[in-house]
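The structure under discussion appears below in the form of structure tokens.
The values are calculated or read from the model by the stated rules, or taken from the named source; none is laboratory data. The structure displayed is predicted, hence computed values, not measured ones. Please note: Cβ atoms are built from the backbone with ideal geometry, for glycine as well, and neighbour counts cover all protein chains shown.
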Amino acid sequence: MTKRVERFTYTIWWNLLLITVGSVIISAAMKGIVVHHAFVPGGVFGVGLLIFYAFPVVSAGIVYFLLNIPLFVVGWVNVSRRFFFYSLYAMVVATLTYELIDLDFGIQDQLYAAIAAGGIIGFGAGIVLRSLGSNGGLDVVAVLLNQKYNIGIGKTYFIFNFALFSVSLLVLDIDLIIASLILVFITSVVLESTLGLFNQRKLVLIISDRSQEIADEMINHLKMGATFIRGHGAYSRKDKDIIMAITNNIVLKRLEELVFSKDEHAIFVVENTFNVLGSSFAKRKIY
């Protein structure tokens, strides 16, 4: 079952569906909220909007398309053909949707608009980034720097947006800049939440004198794997096997009940982990 799901997530049609839905959602937020309040949403689209605000001659969607051309040349040369075409498709869908739809969400309050736009854009961008492509624009550069030089995607966005908002101070008033910063912050939070929606796992460490019995129950009844880590008590000076397991929120409570039904003095440690790759878990994402 897991293998079939992995193969499905690599199919062309599934990736095109993710990119289409996510790109339409982003464009709807841009056209329905961002433009009406003159926000700067960050990234290359933010540059396009800033140019449009200063020189309202050419649509921001067209400016965004033109700014992406050199970035996609970089993506073609340095990342992969598959990543290039998926990202190109995302850019085309986003541009066409932005140019063709006439939308106004009718949000009057500036703060409410920034919050709503950030949430919608972050959700749409997260859907696109769950595919094997990107939203185009700065994503292309961020993915390249991450793959080549291990520079975090978040760092790339921070540096770029810092420069963008510094320039924006010359064009927009301070209230709009603050509202735009709120928008960008909420976008990043919702994007991360969207990416981790189905990927997040729980790393569990179980310290018990009955570790073998607990591990057998985990394997036979919960149908989950377990690994023994050799430990040595600093106070007791005794060797013991610590159980390490990876699970999710659904099974976590059942595992907790199993452990303490076998050993009420056990130590049950749970840590959040964003993603687990390999074995029966997620397949490593290759652009």
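Only one of ILE19, ILE12, ILE33, ILE101 is over 24 Å from THR156 (Cα atoms), of a type in the set (A, V, I, L, M), in the same structural domain as VAL140 (by TED's automatic domain parsing) and surrounded by 19 or more Cβ atoms within 10 Å (Cβ to Cβ). Can you tell me which?
Values: ILE19 fails: over 24 Å from THR156 (Cα atoms); ILE12 fails: surrounded by 19 or more Cβ atoms within 10 Å (Cβ to Cβ); ILE101 fails: surrounded by 19 or more Cβ atoms within 10 Å (Cβ to Cβ).
Within the list ILE19, ILE12, ILE33, ILE101, the selection yields ILE33.
Remark: pairs (first residue in the range 160-184, assigned by TED's automatic domain parsing to the domain that holds LEU50 and within 16 Å of GLY118 (Cα to Cα); second residue modelled with pLDDT under 90 and among the hydroxyl-bearing types (Ser, Thr, Tyr); Cβ separation under 6 Å; 6+ apart in sequence or on different chains) = ILE177/SER168. Each residue in the range 234-264 was checked for being among the charged types (D, E, K, R), closer than 12 Å to ARG210 by Cβ and assigned to a strand (DSSP E or B), and 2 of them qualify.
In a residue-by-residue description of the range 69-76, the property of being in a helix (DSSP H, G or I) and farther than 23 Å from ASN15 by Cα applies to at least one position.
Specify the residue that is farthest from GLU192 (Cα to Cα); the eligible residues are those in the range 229-251 that are modelled with pLDDT under 85 and buried (at least 16 other Cβ atoms within 10 Å of the Cβ). For the range 229-251, the residue satisfying everything is VAL251. Just to be sure, is MET224 touching a helix residue (DSSP H, G or I) at 6+ places or on another chain (Cβ under 6 Å), surrounded by 15 or more Cβ atoms within 10 Å (Cβ to Cβ) and closer than 30 Å to VAL269 by Cβ? Spelling it out, MET224 is indeed touching a helix residue (DSSP H, G or I) at 6+ places or on another chain (Cβ under 6 Å), surrounded by 15 or more Cβ atoms within 10 Å (Cβ to Cβ) and closer than 30 Å to VAL269 by Cβ. Check whether at least one residue in the range 265-276 is among the hydrophobic types (A, V, I, L, M, F, W, C), modelled with pLDDT of 85 or more, more than 30 Å from SER23 (Cα to Cα) and in a loop (DSSP other than H, G, I, E, B), and report yes or no. Yes, the range 265-276 contains a residue that is among the hydrophobic types (A, V, I, L, M, F, W, C), modelled with pLDDT of 85 or more, more than 30 Å from SER23 (Cα to Cα) and in a loop (DSSP other than H, G, I, E, B).
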